[in-house]
Amino acid sequence: TGLANRLEFVERFEIERSRSERTGEPYSLLYIDIDQFKILNDTRGHQTGDEALIALSNILSDNSRKVDTVSRIGGDEFVVLFPSTDENTCQTLVARIMLSSEKYIQRQGWHISLSIGSITDTGNKKSIDEILREADEKMYSIKKGKLQH
């Protein structure tokens, strides 16, 4: 995918948390999961699954700035770190990513979608693991809400 790996992500996140602690500026983090990815892989094949991962990587990169860190941290899980980004700006970015991905997914005829959990925080009082867990929990509750409809 050409994205940062988990180690690179953690290094950049540590730097951002320290900067945020010094400046008092917030940062935002997205935790993204591809819904129904396993079904796409099983029904359309792993090549299509790989195409979906690459497409999402490109969508995330295209909707990020140079200072942002886009990382794949699991099979179909991604995180995006937005330095100097408040809650309102973060929600605008989430909406842009959702719209862009939905258009692309529809054109491909894939039966997948994204669930995105977001966190905006300042400083370094919480550990990286705590922030990732919070964002993951938000993402999972969004995903669970989709499954119930």
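The values are calculated or read from the model by the stated rules, or taken from the named source; none is laboratory data. A quick note: this is a predicted structure, and the numbers were derived from the prediction, not measured. Glycine gets a Cβ as well: all are built from the backbone with ideal geometry, and neighbour counts include every protein chain shown. Remember, those area values only see protein heavy atoms, side chains included, never the ligands or the DNA or RNA. Shrake-Rupley method; radii C 1.70, N 1.55, O 1.52, S 1.80 Å.
Here r is the Cβ-Cβ distance between K146 and R107 and R0 is 25 Å; the resulting FRET efficiency, rounded to 0.05, is 0.75.
Only protein atoms count toward the accessible area here, which uses a 1.4 Å probe; on the stretch 95-143, the carbon and sulfur part of that area reaches 49 percent. Heavy-atom surface analysis with a 1.4 Å probe gives the stretch 7-70 a carbon and sulfur content of 52 percent of its accessible area. Taken as Cα centroids, the stretch 18-54 and the stretch 120-149 sit 13 Å apart, rounded to the nearest whole angstrom. The region of the chain that goes longest without hitting one of the trypsin sites (Lys or Arg not before Pro) in a DSSP loop, each with at most 15 other Cβ atoms within 10 Å, is 1-64. Amide H to amide H, with H built 1.01 Å from N, S113 comes under 5 Å of D35, counting only residues 5 or more places away or on other chains. A straight Cα-to-Cα reach below 13 Å connects K138 with the aspartates and glutamates D33, E130, residues fewer than 8 places away in its own chain not being considered. Within 13 Å, Cβ to Cβ, of I73, how many net charges do the neighbouring residues add up to if Lys/Arg are +1 and Asp/Glu are -1? Summing Lys and Arg as +1 and Asp and Glu as -1 gives -2.
Shape summary of the stretch 1-82, radius of gyration then Dmax from alpha carbon positions: 14.5, 50 Å.
Here the dipole of the stretch 42-149 is about 240 debye; that uses its Cα centre as origin and unit charges on the Cβ of Lys and Arg (positive) and Asp and Glu (negative). Note on the chain: Cα-only Rg and Dmax are 15.2, 50 Å. In the context of the full set of protein chains, the chain has a per residue accessible area of 54 Å² (1.4 Å probe). I'd like the accessible area for E77: 1.4 Å probe, protein heavy atoms, all chains in place, Å² to the nearest 10. Per-residue accessible area (E77): approximately 50 Å². For the stretch 90-130, the calculated P(r) over all alpha carbon pairs, in 5 Å bins from 0 to the bin holding the longest distance, is 5, 18, 21, 15, 14, 11, 8, 6, 2 percent.
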